[in-house]
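Enquirer: Let me give you the structure first, and then I'll get to my questions.
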Amino acid sequence: MDVVDFLVIGAGISGASAAYELAAAGETWLLEAEDQPGYHSTGRSAALYTANFGTPLVRSINAAGFDFFTNPPEGFTDIPLVTPRGALTLAKPGHEAALAALIAQSSPAHPIVALSHAEAVAKAPMIRPETFTAAAFEAGVLDMDVDALHQAYLRGFKRRGGQICCTARVTGLARVAACGSSRRAVRRLARGQLSMPPGLGAMFWARWRERHRRG
């Protein structure tokens, strides 16, 4: 059993990004049940960036991430995380109000503009004109390179001293108060509650015992 500052379960894009940030504040381990990170949804994802999606709170979070995606920290990645795409939204007959609500979410920095029927067809000539009655275009929508972003988070996590443990399926968790001189927020891994290779389990136990001898 060992004591760490932060324990993140799941090494997909959400877990990797959280672990990357936490590793700057303390010892962090990232556990993944599969034999490689990003095996499930992250490895099968295509993503777009728009600041205009979601509730007001979500839109604020989206907008806050714009500079990170378009101008990532030095050394974070050597390839672009996003590339221009643009998004055309069409409203079928009877759905014009929903499109108007989308346009109302527009912001000066990330505008959504209404298009005429002819303008929309010019942008997407393969669309049958009779299938829609209104259209809008958001030029600021970006393609996101999910794999590049995921790998950049994993590399950055390891550079910050984080440990990635694959084939480490969590089968149970227990909440245990900190003891001794430790006042940091900790998570303890209990033997028998975490499936992992025997050698890794021995390392956990040896490190925990060494720390508590010192404490």
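The values are calculated or read from the model by the stated rules, or taken from the named source; none is laboratory data. As the structure is a prediction and not an experimental result, all values here were calculated from the model. Counting neighbours? That spans all protein chains shown, and the Cβs are built from the backbone with ideal geometry, glycine included.
Enquirer: Of all residues in segment 125-154, count the ones that are among the charged types (D, E, K, R) and in contact (Cβ under 8 Å) with a residue 24 or more places away in the chain. Steps first, please.
Expert: Taking segment 125-154 as the starting set, the residues that turn out to be among the charged types (D, E, K, R) are 128, 130, 138, 143, 145, 147.
From what's left, in contact (Cβ under 8 Å) with a residue 24 or more places away in the chain: 138, 143, 145, 147.
Result for segment 125-154: 4.
Enquirer: Of the residues in segment 87-97, how many are of a type outside the set (A, V, I, L, M) and either assigned by TED's automatic domain parsing to the domain that holds ARG159 or not in a loop (DSSP other than H, G, I, E, B) (or both)? First the steps, then the outcome.
Expert: Residues of segment 87-97 of a type outside the set (A, V, I, L, M): 89, 92-96.
Filter again for either assigned by TED's automatic domain parsing to the domain that holds ARG159 or not in a loop (DSSP other than H, G, I, E, B) (or both), leaving 89, 96.
Residues flagged as of a type outside the set (A, V, I, L, M) and either assigned by TED's automatic domain parsing to the domain that holds ARG159 or not in a loop (DSSP other than H, G, I, E, B) (or both) within segment 87-97 amount to 2.
Enquirer: Which condition number in (1) of a type in the set (Val, Ile, Thr); (2) out of contact with any Lys or Arg (no Cβ under 9 Å at 6 or more places or on another chain); (3) farther than 15 Å from TYR153 by Cα is the one that VAL3 fails?
Expert: (2)
Enquirer: In this structure, does THR89 turn out to be touching a residue at least 60 places away in the same chain (Cβ under 8 Å), closer than 29 Å to PRO125 by Cα and of a type outside the set (Asp, Glu)?
Expert: Against the criterion (touching a residue at least 60 places away in the same chain (Cβ under 8 Å), closer than 29 Å to PRO125 by Cα and of a type outside the set (Asp, Glu)), THR89 does not qualify.
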